[in-house]
1. Tell me, what ³J(HN,Hα) does each residue in segment 267-272 have, in order and in whole Hz, if you take phi through Karplus 6.51 cos²θ - 1.76 cosθ + 1.60 with θ = phi - 60° and put x for Gly and Pro?
2. Highest mean first, what order results for 103-109, 333-339 on Cβ atoms within 10 Å?
3. At what distance in nm do the modelled label points of Glu281 and Ala82 sit from each other, each positioned 7 Å from its Cα along Cα→Cβ?
4. When the chain is treated as a GNM, springs tying every alpha-carbon pair under 10 Å, which of Asn279, Asn260, Asn195 comes out with the largest mean-square fluctuation?
5. Note down the magnitude of the dipole of the chain about its Cα centre, charges +1 on Lys and Arg C-beta and -1 on Asp and Glu C-beta and zero elsewhere, to the nearest 20 debye.
6. Using a 1.4 angstrom probe on the protein heavy atoms only, line up Arg61, Arg325, Arg315, Arg288 by accessible area, largest first.
7. Using the alpha-carbon atoms, what tilt in degrees (0 to 90, nearest 10) does helix 101-112 show relative to the longest principal axis of the chain?
8. Residue farthest toward the positive end of the dipole of the chain, with Cβ of Lys/Arg at +1 and Asp/Glu at -1: which of Cys237, Cys102, Leu32?
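The values are calculated or read from the model by the stated rules, or taken from the named source; none is laboratory data. Keep in mind it's a predicted model, so treat the numbers as computed, not measured. When we count neighbours, we look across all protein chains shown, and the Cβ atoms used for this are built from the backbone with ideal geometry, even at glycine. The protein model used for the area step is the full one, side chains on, heavy atoms only, and it has no ligands, DNA or RNA in it. Shrake-Rupley method; radii C 1.70, N 1.55, O 1.52, S 1.80 Å.
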Amino acid sequence: MMEPFVSIIVPVYKVPEQYLRKCIESTMTQTLKKIEILLVDDGSPDQCGEICDEYAEKDKRIRVLHKKNGGLSSARNHGCKAAQGKWIMFVDGDDWIEPDMCQTMYSAGEEKQVQLVMCGIMKDYGKSATEYKFYLDDGKVYKGQECKWLQQQLLVYNGNIAVAYSKLIDRKLLINNQIFHDEVLRQGAEGLEFNLRLFEKLESAIFINKPFYHYIYNENSISASHNEANHEFVIRCFEKIKEFIDTSDNKEMLKPWFDNRLLYVIVTTAISGYFNPTNTESYEDKKRKYAVYLEKPIVKEALKTKNTVGIGKQRKIVLFFIKHRMYWIVNMMGKMRKWQKEHR
């Protein structure tokens, strides 16, 4: 087969069968036929690897890469280095994409001669779905200094572009600049760190305001529950991001938004983490451990920021209680948040 137009990289690890099959089939039914599909079995201990092999027998465009478990970033990197397409697309194993995603984004990328094509996202809750809102202009080509503004938007929480998926990326841009995911980082923030380095080198991009990508929300995911080790991973991620910003050519635009973005993490770590009702520790332990979390230098610094642009009223209220150490109210709000999710 000649060089494919697009390489779709799908990291696979402990994905429920119905989601994995829907994901793979959504890549197979793309209207753009000249693609390759790289299913990266990241040492999944279940039937995922066999399911991938099953589909590879049906479609010659599918390659299954079985590897030792190394995490999401490791799987994405493994696929990226094995890819042969002109363009790279990441799709998580429990998500799915619309049939015309590759065709539309590939055509836009080639016609406008850009290095990156971004698209809309639909967040699927199971019983309902919400389309993400973006601050970008549909069909606009961003060039030069405008790409620095895009890089700043990565740190804007509601900007919704700080993810590896829902993008078509010029493979040469990644390979020539050795832009790969940091395999030490995880918990979602690795996508933000990866994108900051990607956008540092970016010279042109286009946004298509169509929700081609379907993100499946999992209320039982590790990012939506309490795990102290995971909270620590996120802090390490942001420490690394801060180090990057300090050396970035775009430092002046990025710095004011770093602390703003971290405020969201501080609130989420309280409501969905330490004070999540699924955390079975005593209230005293929750209070003590979260107080220790707030003493981390990077967290203390963020709580001093004056930039609260874009932060909603509810989160501002939670931040007020956090700053004044009114943990009993934060604990109550954690219970309310859980109820809201269950009755969405």
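1. In residue order, the calculated couplings are 5, 4, 4, 6, 6, 9 Hz.
2. On the way: 103-109: 20.4, 333-339: 16.3.
By packing density, highest mean first, the sequence is 103-109, 333-339.
3. So the two model labels end up 3.9 nm from each other.
4. Between Asn279, Asn260, Asn195, it is Asn279 that shows the largest mean-square fluctuation.
5. Numbers: 52 positive and 46 negative charges, 254 e Å.
The dipole of the chain has a size of about 1220 debye.
6. Details: Arg61 40, Arg325 100, Arg315 80, Arg288 130 Å².
My answer, sorted largest first, is Arg288, Arg325, Arg315, Arg61.
7. 80 degrees
8. Cys237
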